[in-house]
Amino acid sequence: MKILIAALRGKILLVSLLALSALAAVFAARFGLDAGPDLPTAEEVRARYLPSEGVLLDRNGEELDRVRLSYEGRRAGWTPLSMMSPALLEAVVEAEDRRFYRHRGVDWRSALAAAAGSLGGGARRGASTITMQLVSFLLPESVPPPPGRTLGHKFDQMRLARRLEREWTKGDILEAYLNLAPFRGELEGVTAAALGIFGKAPHGVVAAEAAILAALIRAPNAPVARVGARAEALGRNLGWRLSAADLERRCREAFRRAHQLPDGSRWAPHAARILFAEWRGKGPAPGRGGAVTVRSTLDGALQRRVVEALGRRLAELAPRNVRDGAVLVVDNPSGEVLAYAGSGGDFSSARHVDGVRALRQAGSSLKPFLYALAIERRLITAASILEDAPLEIAQAGGGMYRPENYDRRFRGPVTARIALASSINIPAVRVLELTGVEPFLDRLRRMEFRGLRRADYYGPSLALGSADITLWDLTGGYRALAAGGVWTPLRLLPGGPGPGEGRRVFSPGAAFIVGDILSDRESRSYAFGLDSPLATPFQAAVKTGTSKDMRDNWCVGYSGRYTVGVWMGNFTGEPMWNVLGVTGAAPLWAEIMHDLSREDPAHRREPPPGLVARVTALPDLGITGREWFLAGTEMEVVEAAAGGPGGRILAPADGEIIAWDPDIPSDRQKVFFEARPPAADLSWELDGAAMGGAGSLLFWTPAAGAHTLLLRSADGETVDRVRFTVRGGPD
C-alpha cells in the first residue's frame, strides 16, 4: 500500500512539474518571442547550403567530374518543395507532425499526449514538431541533441519554433526540413536519400518509397523489418494500400547497396580536385539544381578522347612494364588547358596520383630551352658545328663526368640543328659549357619550373635533363616557344592572363629557330629516321625525352594552335623495358595531334623581324642548305674551328684525377692517351719528355704526381694541352 501511495505521489508531482513547464513555455512563447539568437531567413539558409559534392563543368557547361567537398555527410543539391513528390510530402507530415499545417510551431496536444503516455508507463513518444526539429538543425548550439538537452533547452526550442513560424512560411519550413533532415547512413536531405537509396530524384518518388523515406527520419539506421513495419503503418494511416511484404522487400533491396550518391561523370578527377581546392572558401558558384559548380577551360569531348587514347596506349605498353601516363593539351593563343589527364584511370597503377603535377626527371626534353638560350646569346647558330665525340669533364668534388649518347655511338662533327633535332647528348653538354649552368637554370625559373635546385647540384648533367620537372611546367615552356618566346601561366579557369603575368623568356628569333629545328624531319632522321611518329603531315615542332634507366618517357610538341605534352612511365619509379620517347609517348602524342589537326588547318609560322635566311655550306660535313640566322650571325660557309676535331686530346681529360688501383698488379696498370683524329704527324709530350706518335692509342704506366700532357704538331707547335694528377702508386 505504501508503495502504491509513493508511486501515486511521484506521478502527481511529475504531472505538476509538466503543467508548470507547459505554463512556463506558454509564458515564454507569449512574451519572449524575440529573445534568443537571431534566426536566419529562408533565403539565407538556401544560399549557405553546401552540397557534399562539387560539379566540374567543361567550357560548354557540360558535367565532367564530381569532387567530394564535405565528409560530414552526403548531401545533394537543394530541392525546392515544388520538385518533390506529393506522396513524399504527405508521408513526412504524417510521420513527423500530422498537425503541421494547424499549429504555430508547438503542438500542445501532442506535448500533453506525450506526457500522459509517459505517466501511464507506455512507450515514450516525441512531441517535437517539424518546426522545432528544424530549429535544432539551424541552431544546434542553442538546441543540442537529446542526450545533452535540458528543460531550459526545450523552452528555447519552443520559443524559437514560434518565432520561426512567424518569420517563415509553412512551405519554407517544410522545404528546409526535408533538405536538412538526416536519413540512412551518411545521407542528409531528401534529395540525397532518394538518389542514394532509390536512385531517383524526389519528384519521382512513389507512395511505397515515400513511406520508407518518411519512416527513416525518426530512426535512420533501424533494422529492415522495423522500417518496413513503420512504413506499412504510415501507408495505412494515409489510406494507401501498401503491402508489408512488398515494403520489406523494397527495403532489403535498397539497403543492401551502399548508401551513396550516383557517381556521375568521372572524366577529369585530377583537374576537379585542383579547381575545387582553389574554390574552397570563395563560396558557392551559381549552378544547376543548387549544385556547387566550377566551369573550367576543358573541352569535354576532347577530354574524353584523350583519356580513352591514354588508356589504350597503356594497355598496349603494359607488356613492356609501362603502367602510368599523363597528357596535357593547351590552346596556344590563350594558354587555356583543353584536356588534363593526370593518370590512366583504371589502366593506371595509382589512378589518384596526378602525373601532370608529379615531379619526374626531364631527360632530353629540356634541350630546346638550352639551345634557344645559346642562340639568343649568339653563342651558336643553327649551323654551328658541334663535336659529338667522347667527352670528360672534371667535377668540383673529384671524379669525371662522361656523358654518353643513348645509342653509345659518336657521330663526329654535327651541326647544332642536327644535334638538337636528333637529340644527340654530347653536343648538348658542350652547349651548356658555353651558356653556363646558372644562366640556364635562371631561364627555366623564369618559366616557373618548380622544384629546381642550385647549379652545383646538377653541373653539366643538367643539359641531359637531370632536373626533376612536371608535365605542367614542361608543356607551359614549350607553349612559350610556340608563342614566340613569351611565357604566360597555363590556366584551367576561363579568362585571359592578368596584368603583368606575361613575360618574355626568349627572343622571337631564337624561339622561331628552335621551333624550325624541332619541325625539321630531315635533321631528325639522323636518330629517328624519316618515318617515325614524330613525322606529321602538318608542321609541328616536337621533342622527345627519356630519363636515366628508362624511368620516364616524354613527348612534347606544338602546332600553330595547340601544344600537347605526354609523359609515360611508372609512378613507382620502376624502369620501363626498352621504351624510348619515340616508341612510348610519341605515338600517343601523334594520335592526339592528328585529332587536333582537324580543327587546326596547316599553316607555316612566319619568321619574326630580325631573322635572316642564307644558303649555307658546311664543307667539313658535305652539307649545303638554307638556314635561319639572327641578323648579324649569318654565314655562307661554316667550317670547323682551327684546333678542333683535327687536333684535340680526348683522354685523359683536363683536370682528371687518376687513382692507382692496389688490386691490380703494377705492371698492368695503364693510362691511355688518345687524340682525335689519330694522326701520324701528331706526337705526345709528357712533362717535357717525348712519348711517341699520336697515330694510335698510347698506353703509359702511371706515376704519382701532377702531369702535363701536350699534343704537338709536326713543326713542334702545341695543338692541345691537358693537366692531370695520379694519386697513389706501388708500395
Amide H neighbours of residue 292 at under 5 Å, excluding residues fewer than 5 places away on the same chain, with H built from the backbone geometry, are 55
So, with points 7 Å from each Cα along the Cβ direction, the residue 98-residue 664 label distance in nm works out to 10.1 nm
Classified through the alpha carbon gyration tensor (a ≥ b ≥ c as square roots of its eigenvalues; rounded if a/c is under 1.5, else prolate when a/b is larger than b/c, else oblate), the range 316-630 comes out rounded
Applied in sequence order to the range 65-77, the curve 6.51 cos²θ - 1.76 cosθ + 1.60 (Karplus, θ = phi - 60°) yields integer Hz couplings, x standing for Gly and Pro, of 6, 10, 10, 6, 9, 9, 10, 7, x, 9, 10, 8, x
Taking placed amide H atoms and a strict 5 Å upper bound, the residues 5 or more places from residue 181 or on another chain that come that close are 189, 190
Nearest-0.05 FRET efficiency for residue 522 and residue 687 at R0 = 30 Å, using Cβ-Cβ distance, is 0.05
Row for the range 648-727, column shape: gyration tensor on C-alpha, a ≥ b ≥ c, rounded if a/c < 1.5 i.e. under 1.5, prolate if a/b over b/c, else oblate; value prolate
Here the percent of antiparallel bridges among DSSP beta bridges lying wholly in the range 648-727, to the nearest 5, is 90 percent
Nearest 10, in degrees from 0 to 90: the angle of helix 300-317 to the longest Cα principal axis of the chain is 60 degrees
To the nearest 20 debye, the range 603-731 has a Cα-centred charge dipole, built from +1 on Lys and Arg Cβ and -1 on Asp and Glu Cβ, of 380 debye
In degrees rounded to 10, the 0-90 angle between helix 151-167 Cα long axis and the longest Cα principal axis of the chain is 80 degrees
With +1 at each Lys and Arg Cβ and -1 at each Asp and Glu Cβ, the charge dipole magnitude of the range 316-630 around its Cα centre, to the nearest 20 debye, comes out at 460 debye
Total charge of the residues flanking residue 52 in space, meaning their Cβ is under 12 Å from its Cβ, with Lys and Arg +1 and Asp and Glu -1, is 0
To the nearest 0.05, the calculated FRET efficiency linking residue 727 and residue 454 through their beta-carbon distance, R0 being 41 Å, is 0.90
One finds the C-alpha centres of the range 447-498 and the range 668-704 to be spaced, in Å, by 45 Å
Net charge near residue 170 (other residues with Cβ under 13 Å of its Cβ; Lys, Arg +1; Asp, Glu -1) is -1
Rounded to the nearest 5, the percent of DSSP beta bridges in the chain running antiparallel is 85 percent
Taking 328-339, 505-516 and ranking on average Cβ neighbours within 10 Å, highest first, one gets 505-516, 328-339
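All of the numbers you see were taken from the coordinates with simple rules; none came from a lab. Because the structure is predicted, anything quoted here is derived from the model rather than measured. Glycine also receives a Cβ, built like all others from the backbone with ideal geometry; neighbour counts cover every protein chain displayed.
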